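Engineer: A single structure is presented below for examination.
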Amino acid sequence: MFLSDMKIGNKAIIKNMQAKENIKRRLLDLGLIEGTCVECVLRSPFNGPLAYMIRGALIAIRKEDSQNIEVELL
């Protein structure tokens with residue numbers, strides 16, 4: 001399953017990231033590292049950004065970037 005597939009209220013653990021190097025670096029800086037718990041908080045309409053609670057911070061990630069992050073639901 002990918003981060004973009006999560007529904008509001010779902011929690012998951014990050015398993016793998018297959019983003020391009022420049023985007024991967026930014027996501028790592030935001031705290032999206034393997035083993036981190038992530039909760040889906042908000043889904044924007046019309047395929048807009050998705051908001052996730054990551055390490056106590058609310059982070060919005062573009063759908064096309066979240067489709068490259070593999071997670072496992074808790």
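The values are calculated or read from the model by the stated rules, or taken from the named source; none is laboratory data. Just so it is clear, the structure is predicted and the values come from calculations on it, not from any experiment. Here the Cβ is made from the backbone with ideal geometry for all residues, glycine too, and neighbour counts use every protein chain on show.
Engineer: Restricting attention to the stretch 30-74, which residues are free of Cβ contacts under 8 Å to residues at least 24 places away in the same chain and either of a type in the set (Ser, Thr, Tyr) or assigned to a loop (DSSP other than H, G, I, E, B) (or both)?
Structural biologist: Listed by number, the residues that qualify are Ile33, Glu34, Gly35, Thr36, Ser44, Pro45, Phe46, Asn47, Gly48, Pro49, Gly56, Arg62.
Engineer: A follow-up question, please. From the list Lys7, Lys20, Lys11, which one is within 14 Å of Asp65 (Cα to Cα) and of a type in the set (Lys, Arg)?
Structural biologist: On inspection, the qualifying residue turns out to be Lys20.
Engineer: So in the stretch 1-22, with the set limited to residues that are touching a helix residue (DSSP H, G or I) at 6+ places or on another chain (Cβ under 9 Å) and part of a strand (DSSP E or B), which one is nearest to Phe46 (Cα to Cα)?
Structural biologist: Phe2
Engineer: Another question about this same structure. Could you list all residues from the stretch 15-24 that are surrounded by 11 or more Cβ atoms within 10 Å (Cβ to Cβ) and at pLDDT below 95?
Structural biologist: The answer is Asn16, Met17, Ala19, Ile23, Lys24.
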